[in-house]
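The values are calculated or read from the model by the stated rules, or taken from the named source; none is laboratory data. All values derive from a computational prediction rather than experimental measurement. As a convention, Cβ positions derive from the backbone with ideal geometry for all residues, glycine included, and neighbour counts pool all protein chains shown.
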Amino acid sequence: MAHVLFVVSAADHWTLNDGTLHPTGYWAEELAEPHRRFSEAGWSITIATPGGVAPTIDRGSLTPQAAGGEDRAAEIIAYLGSIGEELDAPRSIDDIDVADYDVVFYPGGHGPMEDLAVDATSGALMTEALDTDRILAVLCHAPAALLAAKRADGSWPFTGYRMTGFTNEEEVIGGLAPKAPWLVQTRLVDLGADFVEAAPFTAHIEVDRNLYTGQNPASSGEHRGGVPDGRVAVVLAALGSEASTPGRLGGAGAALDDDEGVRVEQGGQGEQVVPEFDVGELIRRVEEDEFEPVARRREK
């Protein structure tokens with residue numbers, strides 16, 4: 001059985017640049033849909049927050065407009081109600097041992113910009129997950145949490161990593177950019193991220209080595225069909241990837257042959273040649289080589 005850790009913001013507000021407190025928390029679909037997918041795959045799920053504080057739902061994410069209709073909003077609310085006991089009694093991230101998990105997952109919402117972006121414990125969890133080949137999956141505004149990661153020498157562990165997240169353009173469209181003390185995309189680029197953006201509010205994921213990032217709520221589980229067995233397939237599905245289509249894979253030791261690829265139009269960057277792979281091949285790498293399951297590591 002695979003083990004996944006959900007690290008969720010404990011913030012119930014975001015402090016804007018005029019000092020006002022914008023009510024927020026975690027984005028409902030970004031927690032509910034991945035949780036459902038991991039649960040249906042038979043994975044063991046642990047929810048943790050800073051201080052073990054019960055996380056707050058961003059009420060805006062429960063409106064029919066934000067959720068994709070009244071039926072979808074009701075579905076999300078019902079699912080969150082079904083896991084209410086887990087949400088009401090999360091573990092503290094201070095008590096988490098990354099070695100116990102195969103996947104570390106961060107859902108978004110503006111909450112992470114208030115607490116996880118400056119939480120050294122969360123940053124250390126992310127760094128350890130990266131360095132020990134756990135799959136680190138981070139969605140929407142949650143890449144803000146990457147800002148708190150730091151090595152002993154002060155360097156940023158994610159320098160040069162290709163990633164995505166909630167874009168500056170999306171924040172402008174959402175109406176909060178003028179009041180934002182800082183923007184996720186700008187901060188990540190300033191630190192050295194290779195940030196890739198797609199059209200606003202379209203499903204989009206990036207995979208670079210063991211870092212998986214999704215751009216926005218549309219990336220939290222758009223694919224509703226069946227997916228192959230395997231940890232990577234489930235993570236891709238949870239982030240909104242079409243499991244049957246080519247994807248993006250990069251990083252040292254991860255790319256396929258350079259002369260094989262597909263041309264894609266992505267994020268206003270023009271045509272790019274990106275490696276073509278199928279999820280089955282990526283799963284094979286996960287199960288045999290790169291992302292060895294916790295159970296197998298413990299047997300050694």
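Looking at segment 13-28, can you tell me whether even one residue there is without any contact (Cβ under 8 Å) to a residue 12 or more places away in the chain and either part of a strand (DSSP E or B) or under 28 Å from Ile135 (Cα atoms) (or both)? Scanning segment 13-28 turns up at least one residue that is without any contact (Cβ under 8 Å) to a residue 12 or more places away in the chain and either part of a strand (DSSP E or B) or under 28 Å from Ile135 (Cα atoms) (or both). Of all the numbered requirements in (1) buried (at least 20 other Cβ atoms within 10 Å of the Cβ); (2) in a helix (DSSP H, G or I); (3) on the phi > 0 side of the Ramachandran plot, Gly51 misses one, and that requirement is (1).
Give segment 95-120 a look and list any residue that's of a type in the set (Val, Ile, Thr), surrounded by 17 or more Cβ atoms within 10 Å (Cβ to Cβ) and modelled with pLDDT of 95 or more, or say none. It would help to see each step written out before you state the result.
Just the residues of segment 95-120 that are of a type in the set (Val, Ile, Thr), to begin with: 96, 98, 103-104, 118.
From the residues that got through so far, the ones that are surrounded by 17 or more Cβ atoms within 10 Å (Cβ to Cβ) too are 96, 98, 103-104.
Residues satisfying the conditions are Ile96, Val98, Val104.
The residues of segment 54-74 that are part of a loop (DSSP other than H, G, I, E, B) and not charged (D, E, K, R), listed by number, are Ala54, Pro55, Thr56, Thr63, Gly68, Gly69.
Of the set (1) of a type in the set (Ser, Thr, Tyr); (2) surrounded by fewer than 18 Cβ atoms within 10 Å (Cβ to Cβ); (3) modelled with pLDDT of 90 or more, all apply to Thr202 but (3).
Scanning segment 178-192 for residues that are within 20 Å of Glu30 (Cβ to Cβ) and either without any contact (Cβ under 8 Å) to a residue 40 or more places away in the chain or not β-branched (Val, Ile, Thr) (or both) turns up Ala180, Leu183, Gln185, Arg187, Leu188.
Considering segment 80-89, the residues that are farther than 21 Å from Asp119 by Cβ and in contact (Cβ under 8 Å) with a residue 40 or more places away in the chain include one that is surrounded by the most Cβ atoms within 10 Å (Cβ to Cβ), namely Leu80. One residue stands out in segment 126-147 among those that are over 17 Å from Arg209 (Cβ atoms) and touching a strand residue (DSSP E or B) at 6+ places or on another chain (Cβ under 8 Å): the one that is surrounded by the most Cβ atoms within 10 Å (Cβ to Cβ), namely Leu139.
Ser92 meets the conditions (1) out of contact with any helix residue (DSSP H, G or I) (no Cβ under 6 Å at 6 or more places or on another chain); (2) surrounded by fewer than 15 Cβ atoms within 10 Å (Cβ to Cβ) in every case but one. The failed one is (1). When segment 159-199 is filtered for residues that are surrounded by fewer than 17 Cβ atoms within 10 Å (Cβ to Cβ), in contact with a Gly (Cβ under 9 Å, 6 or more places away or on another chain) and among the small types (Gly, Ala, Ser), the ones remaining, listed by number, are Gly160, Gly192, Ala199.
Has segment 51-72 got any residue that is touching a His at 6+ places or on another chain (Cβ under 8 Å) and among the acidic types (Asp, Glu)? Spell out the reasoning first.
Taking segment 51-72 first, the residues touching a His at 6+ places or on another chain (Cβ under 8 Å) are 58.
This time we only want the ones that are among the acidic types (Asp, Glu), so: 58.
Yes - at least one qualifying residue is present in segment 51-72.
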